[in-house]
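K.L.:
Here's a structure for you.
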Amino acid sequence: MRRAARRDNAEPAIVAALVRLGCHVLPISSPGAPDLLVGWRSRTYLLEVKTGRGKRTPLQEQLAGLWNGGPLVLVRTVDEALRAVGAMR
């Protein structure tokens, strides 16, 4: 039996802020994958949500090194998530 992936505590506030902005947000729960697939203004963003000093897992680091699409951005706060999608400077 597979356990549900653990989500970071910062994620609900980040998702809520992105949705208020008008983003489409799809949580991802595949091992090594970033936490959120975000679509806004005809662009796609991959966000990894971490709380405090949390780090990427080895699988996440491996994917980040191999990924040849857009950047996989690590965010810890609502402001970082909004900056990642270009809504804030």
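The values are calculated or read from the model by the stated rules, or taken from the named source; none is laboratory data. No experiment lies behind these values; they were computed from the predicted model shown. Cβ atoms come from the backbone with ideal geometry, glycine included; neighbour counts cover every protein chain shown. SASA here: full protein model, heavy atoms, side chains in, ligands and nucleic acids out. Shrake-Rupley method; radii C 1.70, N 1.55, O 1.52, S 1.80 Å.
K.L.:
Working from Cα positions, state the angle (0 to 90°, nearest 10) between the long axis of helix 11-21 and the longest principal axis of the chain.
P.N.:
Roughly 30 degrees, rounded to the nearest 10.
K.L.:
Based on the Cα atoms of segment 1-50, what semi-axes does the equivalent ellipsoid have, where each is the square root of 5 times one gyration tensor eigenvalue, given in whole Å with the largest first?
P.N.:
Semi-axes, largest first: 21, 13, 8 Å.
K.L.:
Here's another thing I want to ask about it. Round to the nearest 0.05 the FRET efficiency obtained for residue 37 and residue 8 when R0 = 22 Å and r is the Cβ-Cβ distance.
P.N.:
Taking R0 as 22 Å, the efficiency between residue 37 and residue 8 is 0.90.
K.L.:
Give me the extension gain from residue 67 to residue 26: residue separation times 0.36 nm, minus the current Cα-Cα distance, reported in nm with one decimal.
P.N.:
Here the segment from residue 67 to residue 26 would lengthen by 12.9 nm.
K.L.:
Calculated from the structure, Cα extents along the principal axes in Å equals which of (i) 36, 28, 25; (ii) 35, 30, 20; (iii) 50, 25, 16?
P.N.:
Checked against the structure: label (i).
K.L.:
Which whole-number percent gives the relative contact order of the chain, counting Cα pairs below 8 Å spaced six or more residues apart?
P.N.:
Taking the mean separation of contacting Cα pairs over the length of the chain, I get 26 percent.
K.L.:
Over segment 11-89, what percent of the accessible surface lies on carbon and sulfur atoms, probe 1.4 Å?
P.N.:
Its accessible area is 56 percent carbon and sulfur atoms.
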